[in-house]
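First comes the structure, then the notes that go with it.
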Amino acid sequence: MTEIPETFAAAQAKYHGETGRAFVARLPALVADFLDRWSLRPDGRPMSGMAALVVPVVRADGTDAVLKLQPVDEETEGEPLALRTWDGDGAVRLLDHDPATGTMLLERLDPARTLAHHPDTHEAVLIVARLLSHLTATPAPDALRSLGPLATTLVDRTPEALPHVPDPATRRLLADCAAAVREVMDTPGDRLLHWDLHYGNVLGADRAPWLAIDPKPLSGDPGFDLLPALTNRYDPTDIDWRFDALTDTLALDRDRARAWTLARVLQNCLWQIEAGRGVGAELVEIGGRVRG
């Protein structure tokens, strides 16, 4: 029987309640089913983040792979389509997929080689920038959710959230973010976005120095993909350099990139406000610097 990491089970219960507990309860049987269905042999202890269980396996032909099992929701349902569209070009390769459960068989990368451990933060930013430039050059499949309706929702949620923000300067920043989104939301873009390319989602591989994993894909403007590279390994003295490096490498219009980055700041702040937490100081600082 597959051992489910306690931290993963706790995270599923915390964020998904009874649905998460039910998902964890059926995971051992689900893993066993796919080991048999896809002729796989377990090859190490399961790994997990907050959202997915990853089981190292070996295929019948002897190649290494991983089973990835996660609840299917609005963010995760497009992952197989995005990976199939990229087809291993800059991202982990999808080997098989079960639409009924969302279970995926992926090529195995090296979890020990991650940008989260890269000794040079500037080089890590540039690696993310080059990956984003490559990935977002791909047109998004028609079936993916679009940034346009998401942007409209962010603007609509802002007035209700602002009274819950006690600091006047932070309220002004969020209002400015919403105003910036209004300026661009009618032209949301049509590129294939990763949405969550933080340093921990960039792993090394034998066939390429660095590959992206774990997309939460959208169809939209590449400027909406920049914020994780500003928040990860946060350095308040480095915000301007990072934003310049990202926009230069991706050859983005700076005003549009600024507006869509402020949209991501607004999105994260709204999550925090609606969860009853205060707006994080890092987001306020980044938003203020990007706003100018």
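The values are calculated or read from the model by the stated rules, or taken from the named source; none is laboratory data. Model, not experiment: these values are computed from the prediction. Ideal geometry is used to build each Cβ from the backbone, glycine not excepted, and the neighbour counts take in all protein chains shown.
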For THR63, the lone unmet condition from (1) surrounded by fewer than 15 Cβ atoms within 10 Å (Cβ to Cβ); (2) out of contact with any helix residue (DSSP H, G or I) (no Cβ under 7 Å at 6 or more places or on another chain); (3) under 30 Å from SER146 (Cα atoms); (4) not small (Gly, Ala, Ser) is (3)
When every residue in segment 239-292 that is within 20 Å of the chain's Cα centre (by Cα), among the hydrophobic types (A, V, I, L, M, F, W, C) and surrounded by fewer than 17 Cβ atoms within 10 Å (Cβ to Cβ) is compared, the one farthest from THR158 (Cα to Cα) is ALA275
* Restricting attention to segment 206-222, does a residue exist that is in contact with an Asp or Glu (Cβ under 9 Å, 6 or more places away or on another chain), in a helix (DSSP H, G or I) and buried (at least 20 other Cβ atoms within 10 Å of the Cβ)? -> no
Within segment 141-185, residues of a type in the set (Gly, Ala, Ser) and more than 21 Å from GLY220 (Cβ to Cβ) come out as ALA161, ALA169, ALA175
Report task. Check segment 137-144 and report whether any residue there is more than 27 Å from ALA11 (Cα to Cα), among the polar types (S, T, N, Q) and surrounded by 21 or more Cβ atoms within 10 Å (Cβ to Cβ). Result -> no
The correct count of residues that are farther than 30 Å from GLN70 by Cα and either without any contact (Cβ under 8 Å) to a residue 60 or more places away in the chain or among the acidic types (Asp, Glu) (or both) in segment 211-252 is 11
Restricting attention to segment 91-118, the residues that are of a type in the set (Gly, Ala, Ser), over 15 Å from the mean Cα position of the chain (by Cα) and more than 18 Å from PRO46 (Cα to Cα) number exactly 1
Pairing a residue in segment 163-175 that is in the same structural domain as GLU285 (by TED's automatic domain parsing) and without any contact (Cβ under 8 Å) to a residue 60 or more places away in the chain with any residue that is surrounded by 17 or more Cβ atoms within 10 Å (Cβ to Cβ) and of a type in the set (Ser, Thr, Tyr), where Cβ atoms lie under 8 Å and the two sit 6 or more apart in sequence or on different chains, gives ALA175/THR158
For segment 158-210 the number of residues that are of a type in the set (Asp, Glu) and under 21 Å from the mean Cα position of the chain (by Cα) is 2
Reported set for segment 88-113 where residues are acidic (Asp, Glu) and either within 22 Å of ALA60 (Cβ to Cβ) or crowded, with 20+ Cβ neighbours inside 10 Å (or both) is ASP96, ASP98, GLU107
Query - Boolean, VAL57 is without any contact (Cβ under 8 Å) to a residue 60 or more places away in the chain and among the β-branched types (Val, Ile, Thr) - result: yes
Note: among THR158, THR170, THR231, just one is modelled with pLDDT of 95 or more, in contact with an Asp or Glu (Cβ under 7 Å, 6 or more places away or on another chain) and surrounded by 17 or more Cβ atoms within 10 Å (Cβ to Cβ), namely THR231
Note to self: Checking the structure you have, find out if any residue of segment 120-128 is touching a His at 6+ places or on another chain (Cβ under 8 Å), crowded, with 20+ Cβ neighbours inside 10 Å and more than 30 Å from ARG45 (Cβ to Cβ).
What the structure shows: no
Taking segment 237-267 and keeping residues in a helix (DSSP H, G or I) and either of a type in the set (Ser, Thr, Tyr) or not assigned by TED's automatic domain parsing to the domain that holds VAL155 (or both) leaves THR247, THR249, THR261
Out of curiosity, is ALA32 of a type in the set (A, V, I, L, M, F, W, C), outside the structural domain of ASN201 (by TED's automatic domain parsing) and either modelled with pLDDT under 95 or in contact with a Cys (Cβ under 8 Å, 6 or more places away or on another chain) (or both)? no
Checked pairs for segment 253-278, first among the hydroxyl-bearing types (Ser, Thr, Tyr), second outside any helix (DSSP H, G or I), C-beta under 8 Å and 6 or more apart or across chains, list as THR261/LEU226
- request: Could you tell me whether MET50 is at pLDDT 95 or above and not aromatic (Phe, Trp, Tyr)?
  value: no
